[in-house]
Amino acid sequence: MSIENLEQIAQAMVAPGKGIIAVDESTSTIKKRMEAVGLENSEENRRKYRQLLLTAPGLGEYISGAILFDETIRQKTDDGRTMVQAMEAAGIIPGIKVDKGTHPLAGHPGEMVTEGLDGLRERLQEYAQLGAKFAKWRAVIKITDDTPTSAAVEANTHALARYAALCQEVGLVPMVEPEILMDDKDSTQDLDTSFTVHKEVLQSLFAQLELNDVMLEGLILKVSMVIPGKYAAKEDQVDPEDVAEATVRVFKHAVPAAVAGIVFLSGGQADQQATEHLNIINTMGPHPWPISFSYGRALVSKALETWSKDQTAQYAAAQKTVVERAKENSLAAQGNWKKK
């Protein structure tokens with residue numbers, strides 16, 4: 001695939017008023033979410049649930065792309081189409097999670113590194129043949145009194161850069177996701193600490209991307225907002241405007257203007273909180289990059305809860321719910337959302 005095609009796909013992923021839905025939970029993660037609402041974590045239930053989301057009428061008006069799990073990209077809808085075919089019919093770009101998850105970083109207790117580079121070139125080639133147009137790799141950075149260490153930051157950003165280079169080699173747009181945890185039980189950091197760590201991680205990431213000759217115009221950054229930790233002291237909690245200001249400031253320090261776009265993960269924020277922060281950030285523009293969303297829980301949690309009450313009778317209602325959430329965040333991505 002040419003450089004121009006990579007740029008075209010990346011730009012379509014962050015088209016005005018559109019965001020990305022994340023339905024790439026691992027089997028263990030989706031097990032927790034399904035069991036929390038009383039559903040069995042069977043392959044068929046996972047297929048039905050993801051079909052419900054990806055075929056919701058009107059979703060493509062607000063959603064540009066969807067990140068899939070390996071299982072999902074191989075599944076079919078009730079009418080016999082592949083999930084990819086159903087998405088393409090709705091105008092939704094297929095993406096795929098390709099990392100192999102986090103593992104303990106040797107020599108650094110409590111810190112993690114994402115693995116999955118071995119055999120990645122061949123996996124990416126297969127996913128491209130299955131219809132994927134972009135991929136995602138998530139690194140996890142934890143803030144405590146002693147972490148993150150420089151070793152953990154460098155190990156994770158180096159892996160992200162190698163992954164991104166391999167993606168572009170086979171014609172997939174890389175979505176790089178250095179997530180700074182905000183809802184871990186040890187997440188007690190204040191806003192200033194969150195800012196400092198975000199800046200360090202992003203500067204390391206873009207240095208590694210440059211070393212690996214990754215074309216920024218064909219790359220999407222998925223990142224957490226600069227917020228205090230979920231368990232920060234009460235006096236360290238801040239207003240939404242403070243979150244927006246700190247987030248934009250760290251981007252201006254650390255994210256090159258050539259990047260095709262930035263999308264946020266919700267990072268354990270409440271649904272409306274994630275939307276409000278996104279909206280304020282976009283009212284502060286114009287920015288050098290499109291800034292949108294790539295939410296999972298903040299888009300789909302209500303839909304899953306609705307569907308779980310009666311998988312047949314509540315199917316349409318659950319689909320309507322996810323489209324409504326997508327529309328709210330579409331408005332926020334344009335700075336036009338109004339708090340109810």
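Here is how the numbers come out for the structure above:
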| read-out | value |
| --- | --- |
| Selection from segment 1-27 of residues that are farther than 26 Å from L52 by Cα and at pLDDT below 95 | M1, S2, I3, E4, N5 |
| Tabulated pairs, segment 141-154, first free of Cβ contacts under 8 Å to residues at least 40 places away in the same chain and farther than 15 Å from E177 by Cβ, second of a type outside the set (D, E, K, R) and loosely packed, with under 15 Cβ neighbours inside 10 Å, C-beta under 7 angstrom, 6+ apart or interchain | T147/G110 |
| The listed residue being of a type outside the set (D, E), in contact with a strand residue (DSSP E or B) (Cβ under 8 Å, 6 or more places away or on another chain) and surrounded by fewer than 22 Cβ atoms within 10 Å (Cβ to Cβ), out of L105, L68 | L105 |
| Residue ID - surrounded by the fewest Cβ atoms within 10 Å (Cβ to Cβ), chosen from residues in segment 242-279 that are part of a strand (DSSP E or B) and among the aliphatic types (A, V, I, L, M) | I262 |
| Conditions (1) within 27 Å of V113 (Cβ to Cβ); (2) out of contact with any strand residue (DSSP E or B) (no Cβ under 9 Å at 6 or more places or on another chain); (3) without any contact (Cβ under 8 Å) to a residue 60 or more places away in the chain: number failed by E4 | (1) |
| Total residues in segment 280-294, condition in a helix (DSSP H, G or I) and crowded, with 23+ Cβ neighbours inside 10 Å | 1 |
| Qualifying positions in segment 73-84 - free of Cβ contacts under 8 Å to residues at least 40 places away in the same chain and outside any loop (DSSP other than H, G, I, E, B) | K76, M83 |
| Number of the condition not met by L166 [criteria: (1) surrounded by fewer than 22 Cβ atoms within 10 Å (Cβ to Cβ); (2) farther than 30 Å from A233 by Cα] | (1) |
| Breaking point among (1) at positive phi; (2) touching an Asp or Glu at 6+ places or on another chain (Cβ under 9 Å), for G119 | (2) |
| Out of K222, K230, sole residue that is crowded, with 22+ Cβ neighbours inside 10 Å, under 20 Å from the mean Cα position of the chain (by Cα) and among the basic types (K, R) | K222 |
| Residue satisfying all of: in segment 54-65; among the aliphatic types (A, V, I, L, M) and under 15 Å from F293 (Cβ atoms); surrounded by the most Cβ atoms within 10 Å (Cβ to Cβ) among these | I63 |
| First in segment 313-340 and within 18 Å of Q51 (Cβ to Cβ), second anywhere and in a loop (DSSP other than H, G, I, E, B), Cβ under 6 Å, 6 or more apart | Q319/A56; V322/A56; V323/A56; V323/G58; A326/Y62 |
| Count of segment 23-58 residues which are in a helix (DSSP H, G or I), in contact (Cβ under 8 Å) with a residue 60 or more places away in the chain and within 17 Å of the chain's Cα centre (by Cα) | 1 |
| Members of segment 295-340 found to be in contact with a helix residue (DSSP H, G or I) (Cβ under 7 Å, 6 or more places away or on another chain), surrounded by fewer than 19 Cβ atoms within 10 Å (Cβ to Cβ) and in a helix (DSSP H, G or I), listed by number | K302, Y315, A317 |
| Hey, L124 touching a strand residue (DSSP E or B) at 6+ places or on another chain (Cβ under 7 Å) and crowded, with 22+ Cβ neighbours inside 10 Å or not | yes |
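The values are calculated or read from the model by the stated rules, or taken from the named source; none is laboratory data. Everything numeric here is computed off the predicted structure, so don't read it as measured data. Ideal geometry is used to build each Cβ from the backbone, glycine not excepted, and the neighbour counts take in all protein chains shown.
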